[in-house]
1. Classify region 143-283 from the C-alpha gyration tensor, please: rounded if a/c falls under 1.5, else prolate or oblate depending on whether a/b exceeds b/c.
2. Percent antiparallel among DSSP beta bridges with both residues in region 429-631, to the nearest 5?
3. Under 1.5 on a/c is rounded, so check that first for region 1-147, then, if it is not, pick prolate when a/b is larger than b/c and oblate when it is not; a ≥ b ≥ c are the square roots of the alpha carbon gyration tensor eigenvalues.
4. Once you put a point 7 Å from the Cα of Arg204 and another 7 Å from the Cα of Gln3, both along the Cβ direction, what distance in nm separates them?
5. How big is the Kirkwood radius of region 376-519, worked out from every pair of different alpha carbons and given in Å to one decimal?
6. Which whole-number percent is the relative contact order of region 1-159 (Cα, under 8 Å, 6+ apart)?
7. Once the dipole of the chain is set up with Lys and Arg at +1 and Asp and Glu at -1 on Cβ about the Cα centre, which of Ala287, Gly504, Val153 lies farthest towards its positive end?
8. Residue by residue through region 38-44, which ³J(HN,Hα) values in whole Hz follow from phi under the Karplus form 6.51 cos²θ - 1.76 cosθ + 1.60 (θ = phi - 60°), with glycine and proline marked x?
Amino acid sequence: MEQFTYTAQPARIVFGSGTLERVADEVARLGRSRALVLAGEHLRAVGDRVEEILGPLAAGRFDGAAMHTPVEVTEQALAVLRETGADCVVAVGGGSTTGLAKALAVRTGVDQVVLPSTYAGSEVTPVLGETEDGVKTTRADPAILPETVIYDVELSAGLPRPLAVTSAVNALAHAVEALYSPDANPVVDGMALDAIRHLARGLRALDSGRGRADLLRGAWLAGTCLGAVGMGLHHKLCHTLGGSFGLPHAPTHTVVLPHAMAYNAAAAPEAMRRVAEALGTADAPTAVFDLIVEAGGPTSLRELGLAEADLGRAADLAVGKPYPNPAPLTRDGLAGLLRRAWAGERPAGGAVSTIDALTAQVVATFAGTEDARLGALLTDLVPRLHAFAVDNDLTQAEWQQGIDFLTRTGQTCTDTRQEFVLLSDTLGLSSVVDVLDNSRTPDTTPSAVLGPFYVEGPPELPQGADVSAGLPGTPLYVDVTVTDTDDRPVAGAVVDVWQSNEDGFYDVQLPDLDGPVLRGRLRTDDGGRLRFRSILPSEYPIPDDGPVGGMLRAAGRHPYRAPHLHFMIDAPGHRRLITQLFVRGGRYLDSDTVFGVKEDLVVDFVPRTGPTPDGAPVAGEWRELRYTFRIATTG
Ligand code: BEZ
Ligand code: FE
């Protein structure tokens, strides 16, 4: 069952034409007898008329209201209020005058009678925004809500046409965002839809008294929505553009609204359907855009003075603070929205905005992912994949090729062949993850990729064993030590070693070989030392008879790995180290096909002759590898 909460805002509304004449009755109705009249810039004459109508109820006058309700101005007005002994204020004007009336009311408790001259709607909200030393603060308090609002169509009809258009679209934005607000409820929905109908009708008939009446009625309803439920993306974007880039309030609302709607369309389909129905159209965002164009309103942030170079920063700021909105807020998504708004494009009709909506729709499906980390990864991955397709104008045939490639990659995998690992390795992704996850401390031995040739549970071998089981190759004597980061030897460390044969093949690649060979599990002695015999590893091509090999050939890349020995070291109380030691002077050190070589892992395999240190005679040259692995303790 649908659930909602709704709080009514107690205000008296007097609506009509010529209602200004009733101002004295309304002051008296509140039981007040001394009214301070506040009149906006350009509305001095109307202020005079109000004073005249108030007659003995008029206690004084203050005409200095300013944009963003600066506290200094409020202090001046407060002094006048006190001097005159006023017990209520009568405000005639737009958002600035209403703001001043609210600022006085919240400080002194005086009643307010407000006569709005624009469609901003703030006269029916319990919210006050003030500025002090350039810093804006906003507060909500029931005491801020004006007691009486007198809507006089004649007064608002004086609003010049360009201001009427932007002010009306500003009102429209309140109603649209109310419909997809998390606080939405049937009462507010009803007001929002009625507001949209009246505002649209009014915008289409701006020059008629009837049109202005519609606009004012729509503005009242939309303002009431604004006072009742929280707003979303559109309002936050406009605040960012106004607050950080000084763009004018109502024109910014006018430009941004169709684009914010397009952004949210897929994620709030029911709200958009209702807006479209109220507008008598199939697609709400384009209909709003067309309405603005027909009414002669601004359609681009460029014409409002936003520099193209500021678009990126605007997107950063807009995505910075999370807030409730139907479509998830991604930096790329907002950057696209802002760019289109900057350029003045018509939304939704174009392929790009449809894709944005689609991306948002897909991302929204991950909102309920139980595993938060998985949800975060999917939420980030999908917009990047979509952006890849968009940025490269991917064709159907190309993507089919991609699917075929991935299919063949999967089909190539067996128990002993892992083509996806090869793909990750040759794209450098394995090494990136390795650096991120394993190589973070400068005082431990760097790690390197595991590769596809590790086999679980290698044969246990004693100290001094020959892991090559007599296979041909240059003899190698390995003498390594495992220590912790304080250089204390780690005894009993389990060390798995594996490597290719002289021709560059691992045992698992040679079904005829009586394996396992060239791999084994050994343990360090009390001094953390480990000695074994083997053969010198040589460079080798990674398996390149599958799709990954095809990719390397297509890119003109060779498939070779620089010569290396693999080590996996495990010791209780220590972090596992998976790494490789590379033969200094070996081939492909600077073009290893899996990007696995790290400077600290390139070591001397020193040529020697004579017996090996364990006293075994060797005919001809052999190599000696001495190395100390430093491993981290856990915790
Ligand atoms: C390896 O060193 O065993 C290896 C690593 C990545 C891809 C292919 C082979
Ligand atoms: Fe290898």
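The values are calculated or read from the model by the stated rules, or taken from the named source; none is laboratory data. Not measured: the values here are computed from a predicted model. As a convention, Cβ positions derive from the backbone with ideal geometry for all residues, glycine included, and neighbour counts pool all protein chains shown. Note: areas computed on protein heavy atoms with side chains; ligands, DNA, RNA excluded. Shrake-Rupley method; radii C 1.70, N 1.55, O 1.52, S 1.80 Å.
1. Numbers: a/c = 1.32, a/b = 1.22, b/c = 1.08.
It is rounded, given that a/c, with a ≥ b ≥ c, falls under 1.5.
2. Details: 29 of 42 bridges.
If we restrict to bridges inside region 429-631, about 70 percent are antiparallel.
3. Details: a/c = 1.63, a/b = 1.17, b/c = 1.39.
Oblate.
4. 4.0 nm
5. Details: mean 1/r = 0.0517 Å⁻¹.
The Cα-based Kirkwood calculation yields 19.3 Å.
6. Details: 333 pairs, mean separation 44.6, N = 159.
Answer for region 1-159 is 28 percent.
7. The one lying farthest along the dipole's positive direction is Val153.
8. Once rounded to whole Hz, the list reads 10, 10, x, 3, 6, 10, 4.
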